[in-house]
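Chemist: Encoded as C-alpha cells, here's the structure I'll be asking about.
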Amino acid sequence: MKLFHLPVFLILVAATTVFAGERQNTNLTVTPVNCGDGFSCERVVGNSKGNHELDCTVILRDVLLFGTTYPVIAWANGWEQGNVLGQCVTDGYIPGLKNWAAAGPYIVVAANAWSAGSPDVLQCLEYVVESGKYPANNRAGLSGHSQGGGAVVKAGDGGKTGIVITATIPMNPYGPDWVDTGNQDGPMLLLGGDADTTTPVGSFISVWDEVQYSQPGSILAVRLGGTHNNDAWGVNEDGSTMTCEDAASVDFGEFYGPATTLWWDLHLNQNENARGELEVLLGGADWCVSYPGFPNC
C-alpha cells in the first residue's frame with residue numbers, strides 16, 4: 001500500500017495560508033514545532049475574532065495513507081489562574097495529544113491561548129477543516145481539561161461554525177463558560193475525579209443533568225481517587241502540579257488515556273467493537289459510571 005509523507009511540516013519555516021469562509025486573504029504565520037520522532041507539528045498564529053486570536057498547534061503522524069482523510073480532534077487547554085502561558089501550556093498536554101493522533105490516526109489541533117472561551121477551540125477546528133491543507137474529513141471531536149473542559153462543553157454545539165461535532169470529552173471541566181449544555185451535536189464522555197477539590201463532580205453535575213437525556217450514549221465517568229490533574233496534567237510525587245516542561249514528559253494517565261482512546265475509536269472511527277471494550281474498562285473497580293437507567297455516581 002502506498003504511503004504519503006506530509007513534508008510541509010519539515011520544510012516550512014513560515015508561510016502564508018488562505019482558507020475558506022470569513023477569513024479569506026488572511027495572512028497566517030506557520031512555524032514548525034519539535035514534538036518528537038514520528039510526528040509533524042506546527043504552530044499557526046494569525047487572525048482574530050474579537051479578542052480571540054487564532055493560535056493553534058497542529059499534530060499529525062509523519063506518515064499517513066495516501067488518499068485517506070482523517071477525523072479531527074480539537075483540544076482546549078486548561079490554565080493556571082492568572083498565569084496564561086500559551087504554547088507552554090499546550091506543551092504540557094502534548095504527550096496525551098500525540099497518543100490520540102497516533103491511535104486514530106487523527107489530526108489533533110490544540111488551542112494555545114487560554115481557552116476558557118469556546119471561540120479559541122472552534123477557531124482552531126475551523127482552520128484545520130476549512131484550510132484544505134490537511135487530509136481532514138467531516139468527523140470532529142472536541143476535548144479539553146479544566147477551563148478548556150468548560151470551553152468544549154459550550155463549543156459542543158458546533159452549529160455556529162457549520163462543523164458538526166461528532167463527540168466531546170470534557171475532562172474535569174471548569175465553568176461557568178457553558179450555556180445550554182444539552183444543546184450538543186453529539187454524545188459526551190464527561191470525565192471527573194472523586195478526589196478533585198478544584199472542580200468536584202458536583203460543580204459540573206448540571207452538565208450531566210442535561211446531556212444524559214439530550215444526547216443518547218453519553219457517559220459520566222468518575223475516576224476513583226482521581227484529582228484535578230493526576231489524569232490530565234502531570235503531578236509530582238508530593239501531589240504538586242508539574243511545570244510545563246516536566247508535564248511534557250507524561251501522558252493523560254493510565255485511566256483517562258484508554259477511556260478517551262476507546263471513546264474516539266467508537267465515535268470518530270465508527271468502530272463498534274470499541275463500545276464493548278469501553279464498557280469493560282469503565283465497569284472496573286477504578287471507575288464510578290453513570291448513564292441513563294444506571295445512575296451510579
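Chemist: Looking at A221, A140, which is the one that is touching a residue at least 40 places away in the same chain (Cβ under 8 Å) and within 16 Å of the chain's Cα centre (by Cα)?
Modeler: Details: A221 fails: within 16 Å of the chain's Cα centre (by Cα).
Testing whether each residue is touching a residue at least 40 places away in the same chain (Cβ under 8 Å) and within 16 Å of the chain's Cα centre (by Cα) leaves just A140.
Chemist: For T68, which of the numbered conditions (1) assigned to a strand (DSSP E or B); (2) farther than 21 Å from C244 by Cα; (3) modelled with pLDDT of 85 or more fails to hold?
Modeler: For T68, the exception is condition (1).
Chemist: Out of all the residues in the range 266-297, which are closer than 21 Å to H145 by Cα, out of contact with any helix residue (DSSP H, G or I) (no Cβ under 8 Å at 6 or more places or on another chain) and not in a loop (DSSP other than H, G, I, E, B)?
Modeler: Scanning the range 266-297 gives H267, C288.
Chemist: Taking only the range 178-210 into account, find how many residues are of a type outside the set (A, V, I, L, M, F, W, C) and not in a loop (DSSP other than H, G, I, E, B).
Modeler: 7
Chemist: Might you check whether a residue that is on the phi > 0 side of the Ramachandran plot and in contact with a Ser or Thr (Cβ under 9 Å, 6 or more places away or on another chain) occurs anywhere in the range 151-174? Break it down into steps so the answer makes sense when it comes.
Modeler: Taking the range 151-174 and keeping what is on the phi > 0 side of the Ramachandran plot, we get 162, 172.
Checking which are in contact with a Ser or Thr (Cβ under 9 Å, 6 or more places away or on another chain) leaves us with 172.
Among the residues of the range 151-174, at least one is on the phi > 0 side of the Ramachandran plot and in contact with a Ser or Thr (Cβ under 9 Å, 6 or more places away or on another chain), which makes the answer yes.
Chemist: Mind checking whether some residue in the range 252-265 is touching a Leu at 6+ places or on another chain (Cβ under 8 Å), in a loop (DSSP other than H, G, I, E, B) and under 16 Å from D196 (Cα atoms)?
Modeler: From the range 252-265, those touching a Leu at 6+ places or on another chain (Cβ under 8 Å) are 256, 258-260, 262-263; that's our starting set.
Going one step further and asking which of them are in a loop (DSSP other than H, G, I, E, B), we end up with none.
Checked against the condition, which is being touching a Leu at 6+ places or on another chain (Cβ under 8 Å), in a loop (DSSP other than H, G, I, E, B) and under 16 Å from D196 (Cα atoms), the range 252-265 yields no hits at all.
Chemist: Select from the range 104-120 the residues that are at pLDDT 90 or above and crowded, with 24+ Cβ neighbours inside 10 Å and list them in ascending order. Lay out the reasoning, then the answer.
Modeler: Kept after step one, since they are at pLDDT 90 or above, are these residues of the range 104-120: 104-111.
Within the range 104-120, Y106, I107, V108, V109, A110, A111 meet the criteria.
Chemist: Continuing with the same structure: Restricting to the range 228-248, name every residue that is under 20 Å from A195 (Cα atoms), surrounded by fewer than 19 Cβ atoms within 10 Å (Cβ to Cβ) and either at pLDDT 90 or above or not hydrophobic (A, V, I, L, M, F, W, C) (or both).
Modeler: Passing the criteria: N236, E237, D238, G239, S240, T241.
The values are calculated or read from the model by the stated rules, or taken from the named source; none is laboratory data. Everything numeric here is computed off the predicted structure, so don't read it as measured data. Don't worry about glycine lacking a Cβ; one is built from the backbone with ideal geometry, like all the others, and counts go over all protein chains shown.
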